[in-house]
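Written out below as structure tokens is the structure these notes cover.
Here, each number is a calculation from the coordinates, and none is a lab measurement. Treat the numbers as computed from the prediction; the structure is a model and nothing was measured. FYI the Cβ positions are ideal-geometry reconstructions off the backbone, even for glycines, and counts take in every protein chain you see.
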Amino acid sequence: MTHLTVYYNQYYQTLSKMTDIFFNSPNWQKELASAVGDVATLYELLDLPLPSQYHAPKKFPLRVPHAFIAKMKKGDPNDPLLLQVLPDIAETLPVAGYTTDPLDENNHNPIKGLIHKYQSRALITVTGACAVHCRYCFRQHFDYGANLPNGEDVRQICDYISNDKNINEVLLSGGDPLNINNRRFNEWILSLSNIHHIKTIRIHTRMPAILPSRIDDELLAILADCPKNIVMVLHINHANEIDDVLAKKCQQLKNSGVVLLNQSVLLKGVNDDVETLCQLSHRLFDIGVIPYYLHILDKVAGSAHFDLPIERAIEIYWQLLEKLSGYLVPKLVQEIAGEPYKVPIDVYQFQRCT
Ligand SMILES: *Cc1c(COP(=O)(O)O)cnc(C)c1O
Ligand code: SF4
């Protein structure tokens, strides 16, 4: 072979390997790879003029897939979906009381990748990656690098859970546990399914709302085949995140035997009024999802501009109680470091005033 032929063959092999990866990787992974990561592109897609100054952090940068951008209203700089993902210059201002580890998770980390704070539940940080970067995320400063479980850790985690019979439920979290591929996800499901005293595997994910194509047939089959109860806790903050595509995915998940719940975070400018939250509960129920938690924002550094006074949160909550069927009212809770559960907010500390 001439030198040129060798070169050509190598080139051809590399090229065909690349095309192979491209054509054989599932759609959701391609969509994930093409998530928008720069503010200028996002503004352009939304027909918004680029401000002369904007914030483009290097750590925890903008990240949002096209499928989620498609649900935002064009031309509206205050769109509630946009506000959840757009870096705000206010993030850079230190605010007293807002810290990098508000939940003290680093102290409940018996094994790399495992957080065991509550007696009967253990949480696994399967991956640090997410399809989206929510600006209020309480784990945005978490040291995933030091906490991602690899082969040996996975065994240790399963041993730890096997040895503690108080644990009856395992949460797959992250990051987003559906950010890993089906093969790796299935390995977790199979390993956990082998532990006799585990009754339920719970998946905390924002994927269905952010990148619905992630709920593919292979994943649905993995979930349907699992002998344990499967609970999926979605994370949706606003009714506009719910569309027909998501509705169909939820139906498929239910057909696979998955129980669907939702958790939201109460966020200033996004969902901090009674009408918005009522609509959210109703839309969730329309697609077969029960509202589970409404979280008071965790005081994580960079998120203070989403926070609202507890008096206001409680005022909204009283109104929700008045307007919604009991099962449509999520539990208003707050994580307080060191408490053995998510703490229900005492709504009686501020009586109804209307
Ligand atoms: C939220 C959370 C759980 C689950 O708590 P539930 O009240 O059962 O939803 C478990 N472990 C950790 C570390 C958590 O943060
Ligand atoms: S999807 Fe969840 S873990 Fe990921 S950035 Fe958003 S809030 Fe944080």
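Run the numbers for residue 156 and residue 99: contour at 0.36 nm per residue of separation, minus the present Cα-Cα distance, in nm.
Extra length from residue 156 to residue 99 when fully extended: 17.5 nm.
Return the Rg/Rh value of segment 279-326, two decimal places, where both radii are evaluated on C-alpha atoms and Rh is the Kirkwood radius.
Radius of gyration over Kirkwood radius for segment 279-326 works out to 1.04.
Report the percentage of all Cα-Cα pairs in the chain whose separation exceeds 28 Å, rounded to a whole percent.
Tail of the P(r) past 28 Å holds 48 percent of the pairs.
For segment 283-354 and segment 50-70, compute the distance between their C-alpha centroids and round to whole Å.
If we compute the Cα centre of each part, the gap is 28 Å.
Could you tell me the ratio Rg/Rh of segment 207-249? Both radii from Cα atoms, Rh via Kirkwood.
Result: Rg/Rh = 1.00.
Full extension from residue 311 to residue 50: what is 0.36 nm times the residue separation minus their Cα-Cα distance, to one decimal in nm?
Full extension from residue 311 to residue 50 adds 90.4 nm.
If a paramagnetic tag sat 7 Å from the Cα of residue 168 along the Cα-Cβ line, which residues of segment 117-131 would have the backbone N under 14 Å from that point?
From segment 117-131, the list is 119-122.
Taking 51 Å as R0, compute the FRET efficiency from the Cβ-Cβ separation of residue 348 and residue 40 and round it to 0.05.
With a Förster radius of 51 Å, E is 0.55.
Quote the FRET efficiency, to the nearest 0.05, computed for residue 143 versus residue 58 with a Förster distance R0 of 22 Å and r equal to the Cβ-Cβ distance.
0.85
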